[in-house]
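The structure appears below as structure tokens.
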Protein chains: 2
Amino acid sequence: MSGFPEWSPEQRIIEKRVLEKIEESFRLHGFINIETCGVESYESLIKKGDGKEIYRLAKAGSGEENLGLHFDLTLPLARYVLERRGELVFPFRRCQIQKVWRGERPQGGRYREFYQADIDIVAQGELPAHFEYEVPLAMCHTLKSLSPLGLGAFSMHINNRKLSEGFYRAIGIRDVEETLRRIDKLGKLGVRKTREILEEVAGEKGAEACLDLAQIEEKDPERLSERLEELRAKWKVDSPSPERDLMLEGERDAEAVLSSLLRSGFEGARIDCAIARGLDYYTGCVYETFLEEDLALGSICSGGRYENLISTPKQSYPGVGMSIGVSRLLSHLFSKARADRVSPAAALIAVWSEEERWRSDEVARTLRERGIACEVSPSASKLGAQIKRADRLSIPYVWFVSAEGEEVKDIRTGEQKEADPASWEPDPKYAADIIVRE
Amino acid sequence: MSGFPEWSPEQRIIEKRVLEKIEESFRLHGFINIETCGVESYESLIKKGDGKEIYRLAKAGSGEENLGLHFDLTLPLARYVLERRGELVFPFRRCQIQKVWRGERPQGGRYREFYQADIDIVAQGELPAHFEYEVPLAMCHTLKSLSPLGLGAFSMHINNRKLSEGFYRAIGIRDVEETLRRIDKLGKLGVRKTREILEEVAGEKGAEACLDLAQIEEKDPERLSERLEELRAKWKVDSPSPERDLMLEGERDAEAVLSSLLRSGFEGARIDCAIARGLDYYTGCVYETFLEEDLALGSICSGGRYENLISTPKQSYPGVGMSIGVSRLLSHLFSKARADRVSPAAALIAVWSEEERWRSDEVARTLRERGIACEVSPSASKLGAQIKRADRLSIPYVWFVSAEGEEVKDIRTGEQKEADPASWEPDPKYAADIIVRE
């Protein structure tokens, strides 16, 4: 089934470790874990998503087709917040790690079923600007926590919708959303093709100006101000106007995020005016994150601020959130790290004969009660065959049971010692079960 | 969306703890964790499942309808094993904890989307009989590990297909599978109605005999032999025959499981000849598990041995497995346990003013680096309001930051002390975040 990835037991060890690390980082940052069901009403999905990519559910002999699989975790959050707005404490810091489904064409790092790991902070009424740096900061810490699993340097690219929109409006572009959607294709289509599709909505001059803005990528806040100043002068939009003010507001908000990430030691942070994000609900800062050694993988962690996505007629719930594409990240990490274990067992308890299997069962029970994982040999075959199973499953120890006394053998070193199931501990060196390739 | 459960943040804490405990127990028993994708080919699902309950996937404007959501984790295991039979080490001990989907009518404890937690041991060629007690034993340990979360006493009911089949054939029943399917309804329909539907396939006398067998429930292995002896004598099938031998074989296998569970201290184990299990692929022992204080909940952990479910034309892969209905279990546990926390944060770091927010951010960073979860106050509002947020999220401490020195207040006791973010630890009493009701 193309696009529906399934990992080997060894790869699954890495996936689980990645998910655990992400979850632990979210916990440290005080995010409340929730899970939503995998389905949403088809109507709500089709409103925000691409119909061609949404999996709709049907049952044989039933008209029930009003459900579909969620394609992200943001729409489910919106519904969850509205349904529980009376009981949640706002600002609501939530994290959510689940699979989502998109019927896209499968290709490198893109799957039809994949894990996303999201954090969002949703306020009631007003969302303070500092959350626009708190969320990417938490994500930088989270990605950093994956470096023991082989994740290399990453760069976080920050833009602000107000900055782009202010400039677009100032130069006379009317359909801002469509322009953003088209500028979003820049990385994929390249400058020439993007210019062509931009000209359709922004005219020749407008397309040129949009591409000019999109060229601006800066790590130095001061230099950024200068370059945007120059841009405004070049396109003659530097005199005071509501559009220029909107642009300056966006500039200031993006710059605050950049400064805070740099202050926290994330050298990979930068303003990148080409970042548009395809979704129409973003209203403030937007973010994308790239692995420096694998740019072709695309963004591994993206998001932004949204003002009106979650709202009732009386109240809006603005938020800011980011999402890690965990499965995409894994497709990269599998080339960097490998599991050094197959079975979680620290010891295989040998069996002399089926009549005496109960002795091995007893040892296993004592070890498990002490938190030591083990398995009892499936058969009372020759010891060599039992040791071979341990070896193939990378179980480091084989335990020999007898009425007279117990012995345990480290099958990697060959060392064999007397041992008591009530006190024996495996060598801590065997706890490291993931090896990062140099 | 009826039947698609979604928990509050507090309930989710309990769900996560239950899932963690189950996973840890599976790990201790040496089961290898895998995950399969949520979809299977629709053809393979319809072969083993009830078409009315299977969710089929469709995409707008696409003919692609050959996929459906898995309704259990056994069929996916079968496919996984066959696809990877060249690389897996047999017997393959696998565990898998995932959501499954069934379009059933939602009712107490029955959902359309729910978690299952499965263990299976799959062999290549022959599966030794001892696995038929090892799997239920692991499940007993696993369920027992949930008692700190409020799970009470449970009884595990064991039967063996060979026992039932041998008896059915001996008394002249031809359609054994259909008879088993109908006897499986006994708990739901009661004796009178079950007798009616049994008579359709087994005749009047056959129905009476089937119900006679189904009455046998025994914890004492010796008494069990006697009662089955009496039954055979009553129905005149006690002289040697292949059917009687099959029955005796099943009796012996079931008794071995019972003895081993009793020896390990699981007093709730018993042979129950009414246990049939609806699925046609079981060939040996079958199991169901009930909570003593909530029998109406139905079986919370079921399974059995299957000989031919996983096979190629050249090789069969017999297995034995059991599955915990986690979501069903939760619907019970939510009445027994409650979370004492909402936010995972141990401390809320107060903020004096937005200009000084960076100081609070620094404290948070130091605490997080030491593994202490915290959140920085969302606003520099009055201290009372900040403390109120901590209280509503059940965050036990509020941290006061200043250039001169740090203080931390236990908002439950009111105690306030100087503290250093580089060394402070929350009181371990606040680590217990789930309270079991007396």
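Using only side-chain charges placed at the Cβ, +1 for Lys and Arg and -1 for Asp and Glu, the dipole size of the range B:77-231 relative to its Cα centre rounds to 820 debye.
For A:Gly190, inter-copy separations between label points set 7 Å beyond Cα along the Cβ vector come to 7.8 nm, shortest first.
So what is the 222 nm mean residue ellipticity for the protein assembly as shown from helices alone, if each DSSP H run of at least 4 adds -39500 (n - 2.57) and you divide by all residues, rounding to the nearest 500 deg cm²/dmol?
About -12000 deg cm²/dmol.
A dipole drawn for chain B from +1 and -1 charges on Cβ atoms has a positive end, and of B:Phe71, B:Leu246, B:Ser316 the residue lying farthest that way is B:Phe71.
Scaled to the compact-protein estimate 2.2 N^0.38 Å, what is the alpha-carbon radius of gyration of the protein assembly as shown, rounded to two decimal places? Show your work: numbers first, answer last.
Details: Rg = 30.6 Å, N = 876, 2.2 N^0.38 = 28.9 Å.
The value comes to 1.06.
In this structure, B:Lys388 and A:Lys429 have a Cβ-Cβ separation that, at R0 = 41 Å, corresponds to a calculated FRET efficiency of about 0.25.
Remark: for residue pairs A:Lys48/B:Lys59; A:Lys409/A:Lys429; A:Lys16/A:Lys99; B:Lys21/B:Lys219; A:Lys16/A:Lys144, the C-alpha separation exceeds 22 Å in B:Lys21/B:Lys219. Here the protein assembly as shown is treated with +1 on each Lys and Arg Cβ and -1 on each Asp and Glu Cβ, and its dipole about the Cα centre works out to around 1400 debye. Ranking B:Leu88, B:Phe31, B:Leu146 by Cα position along the charge dipole of the range B:1-155, where only Lys, Arg, Asp and Glu carry charges on their C-beta atoms, puts B:Leu146 farthest toward the positive end.
For the range A:368-409 versus the range A:300-344, the spacing of their alpha-carbon centroids is 41 Å. Ranked by how many other Cβ atoms sit within 10 Å of their own Cβ, fewest first, the residues A:Arg84, B:Arg17, B:Arg437 fall in the order B:Arg437, A:Arg84, B:Arg17. Simple rule: put +1 on each Lys or Arg Cβ and -1 on each Asp or Glu Cβ in the protein assembly as shown, find the dipole, and look at A:Ala337, B:Ser360, A:Ser44; the Cα lying farthest toward the positive end is A:Ser44. The residues neighbouring B:Glu438, those whose beta-carbon lies less than 13 Å from its own, together hold a net charge of +3 under the Lys/Arg +1, Asp/Glu -1 convention. Ellipsoid fit via the Cα gyration tensor, the range B:139-209: semi-axes of 33, 15, 8 Å, each the root of five times an eigenvalue, largest first. Taking the label point 7 Å along Cα→Cβ, B:Gly172 and its counterparts in the other copies are spaced 9.8 nm apart, in ascending order. A:Glu229 label point (Cα plus 7 Å toward Cβ) to equivalent points in the other copies: 10.4 nm, shortest first. Here the Debye sum runs over all C-alpha atoms of the range A:341-436 as equal scatterers in vacuum, and log10 of I(q)/I(0) at q = 0.18, 0.25 Å⁻¹ comes out as -0.75, -1.51.
Roughly speaking, what % of Cα-Cα pairs in the range B:271-353 are separated by over 21 Å, rounded to a whole number? Above the 21 Å cut-off, the range B:271-353 has 54 percent of its Cα pairs.
Only the Cβ atoms of Lys and Arg (+1) and of Asp and Glu (-1) were treated as charged; on that basis the dipole of chain A about its Cα centre amounts to roughly 740 debye.
Sites listed here are GluC sites (Glu not before Pro) in the range B:172-273 whose DSSP assignment is loop and whose Cβ has at most 15 other Cβ atoms within 10 Å: B:Glu267.
Counted over the range B:67-160 with a bin width of 10 Å, the fraction of Cα pairs per bin, in whole percents, is 12, 34, 38, 15, 1.
Can you work out D for chain A in µm² s⁻¹ from Stokes-Einstein, where Rh is the Kirkwood radius over C-alpha pairs, the temperature is 10 °C and the viscosity is 1.306 mPa s?
Approximately 64 µm²/s, per Stokes-Einstein.
Taken together, the values in this text are just the output of simple stated rules run on the coordinates, not laboratory data. Since the model is a prediction, treat every value here as computed from it, not as a measurement. Ideal geometry is used to build each Cβ from the backbone, glycine not excepted, and the neighbour counts take in all protein chains shown.
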